Amino acid sequence: MTVPTDFTTFMRNYQDMVYSTAVRLVNNEAQAEDIAQDVFLKAHEHWANLQGSPTAGGWLKTVATNLSINHIQRYKKRWSFFSDLVHKDDDGEREVEFAAPDTFFSEMDAAERRERLEDALDKLPEHQRVPLVLFHFEEMPYEDIAKKLHVSLSKVKTDILRGREALAKILIRRGASHEAFQP
């Protein structure tokens, strides 16, 4: 995407991405709108550097993610901590993985899959939804998530694991096909 030379066009081009990043994290449309507005206020302050920059979209996504996390940490109740959930094997600790088989959404088109997933994400508690979104949608490594959220690495892994399990249960209850799916 070529970066436009006027700020209004720039904002229109990126407003959906900024808003969707924020709403996935804070799970509140009004708060996400406020965060998106703050993102574009910051973008306006840095317009001289962003104008014509091919990395402007990435910058906006990072700012939206950071402001969303700051909002959660500032205004939401503190995280409740869970015990570590790791398996021990001969090589030491390893992460517990939980993934749905490819057939889970096989009978739905992409729009319906996305709608169901977004709806199910909305039902997750914040301490599970935020790390899941950062890991799967923002492709952030576990270590970076832990640093950004100011929690332990094991808490991030536990919350992502439990979030995946909870997400799968919500999707199953809502009728997604689940051949040989074990939450």
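The values are calculated or read from the model by the stated rules, or taken from the named source; none is laboratory data. Since the model is a prediction, treat every value here as computed from it, not as a measurement. Reconstructed Cβ throughout: ideal geometry from the backbone, glycine too, with neighbour counts over all protein chains shown.
Quick notes
- If you go through the stretch 118-133 and keep only what is at pLDDT below 90 and either in contact with an Asp or Glu (Cβ under 6 Å, 6 or more places away or on another chain) or buried (at least 18 other Cβ atoms within 10 Å of the Cβ) (or both), you end up with Ala120, Leu121, Leu132, Val133.
- Residues located in the stretch 12-53, provided they are touching a helix residue (DSSP H, G or I) at 6+ places or on another chain (Cβ under 9 Å) and farther than 30 Å from Lys123 by Cα: Lys42, Ala43, His44, His46, Trp47, Asn49, Leu50, Gln51, Ser53
- Looking only at residues of the stretch 53-72 that are in a helix (DSSP H, G or I) and of a type in the set (Val, Ile, Thr), we find that the one that is surrounded by the most Cβ atoms within 10 Å (Cβ to Cβ) is Thr65.
- Qualifying residues in the stretch 35-52 (those that are polar (S, T, N, Q) and more than 25 Å from the chain's Cα centre (by Cα)) - the one surrounded by the most Cβ atoms within 10 Å (Cβ to Cβ): Gln51
- Subset of the stretch 1-14 that is in a helix (DSSP H, G or I) and either at pLDDT 95 or above or of a type outside the set (S, T, N, Q) (or both) - its residue that is surrounded by the fewest Cβ atoms within 10 Å (Cβ to Cβ): Arg12
- Looking only at residues of the stretch 122-158 that are under 14 Å from the mean Cα position of the chain (by Cα), of a type in the set (A, V, I, L, M) and not in a helix (DSSP H, G or I), we find that the one that is farthest from Met17 (Cα to Cα) is Leu124.
- Checking Ser83 against (1) among the polar types (S, T, N, Q); (2) in a helix (DSSP H, G or I); (3) modelled with pLDDT under 65, the condition it does not meet: (2)
- Residues (surrounded by fewer than 20 Cβ atoms within 10 Å (Cβ to Cβ) and either assigned to a helix (DSSP H, G or I) or assigned by TED's automatic domain parsing to the domain that holds Phe137 (or both)) located in the stretch 24-34: Glu29, Ala30, Gln31, Glu33, Asp34
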